[in-house]
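Visitor: Pasting a structure below so you can have a look.
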Amino acid sequence: MTEDFARKHSGKNNAVMAIAVGGLTAGALDLTQASILFGWNIPLAIAAGLLGPQAEHGGTGSYILGVCLHFFIALSAAAIYCATSRRLTFLTVHPLVCGLFFGAAVEEVMNLIVLPLSALHARGPYELHDLIQGLAVHMVIVGLPISFSVQRFGNRLKSERD
């Protein structure tokens, strides 16, 4: 009975660890690159997606909200990948290819769904250079940390299910 309890809870801990490591790593890398490319006020623009354009001129509260929203999105992406990998096991068998495709999918969901529905109503037209750069960056610094994290901890999840 104690072994069953420990097995169930260690599987949940491994999933939480995979989501935390992958999501926090992807979020930190993405926020760093966005800050380097677009300036250190990028969290204000993220907060403006929820609060509207006035948040871009906000203070510390808006800045912290933007950082929290950014990490919420990254952790949500990691949770989706982790949950999906429980059914589609090839996601953990081929983390390089699947991670690259997942990073591209995250970028497209942001551009085609999240940004148009945000308070900023951001929709194109986008320049081709910006689209290619966004895809390449998200494939590498969002998709790969998440996929390799889930693979690393997913092997434990798989062995505990068996």
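Visitor: Scan region 112-139 residue by residue and report those that are open to solvent by 60 Å² or more (accessible area, probe 1.4 Å), in a loop (DSSP other than H, G, I, E, B) and either aliphatic (A, V, I, L, M) or in contact with a helix residue (DSSP H, G or I) (Cβ under 9 Å, 6 or more places away or on another chain) (or both).
Guide: If the condition is that a residue be open to solvent by 60 Å² or more (accessible area, probe 1.4 Å), in a loop (DSSP other than H, G, I, E, B) and either aliphatic (A, V, I, L, M) or in contact with a helix residue (DSSP H, G or I) (Cβ under 9 Å, 6 or more places away or on another chain) (or both), then 120, 121, 123, 126 are the ones that fit.
Visitor: OK, next. Among the residues of region 18-72, what is the count of those that are surrounded by fewer than 19 Cβ atoms within 10 Å (Cβ to Cβ), under 17 Å from residue 116 (Cα atoms) and either among the basic types (Lys, Arg) or at pLDDT 95 or above (or both)?
Guide: The qualifying residues number 1.
Visitor: Moving on. State all residues of region 36-54 that are farther than 23 Å from residue 106 by Cβ and assigned to a helix (DSSP H, G or I); if no residue qualifies, say none. Quick ask: steps written out before the conclusion?
Guide: Narrowing region 36-54 to residues farther than 23 Å from residue 106 by Cβ: 52-54.
Passing the criteria: 53, 54.
Visitor: Which one of these does residue 79 not meet: (1) closer than 21 Å to residue 17 by Cβ; (2) more than 13 Å from the chain's Cα centre (by Cα); (3) surrounded by 17 or more Cβ atoms within 10 Å (Cβ to Cβ)?
Guide: (2)
The values are calculated or read from the model by the stated rules, or taken from the named source; none is laboratory data. Please read all numbers here as calculations on a predicted model, not as lab measurements. Backbone-built Cβ (ideal geometry, glycine too); neighbour counts: all protein chains shown. Heavy atoms of the whole protein, side chains included, go into the accessibility calculation; ligands, DNA and RNA do not. Shrake-Rupley method; radii C 1.70, N 1.55, O 1.52, S 1.80 Å.
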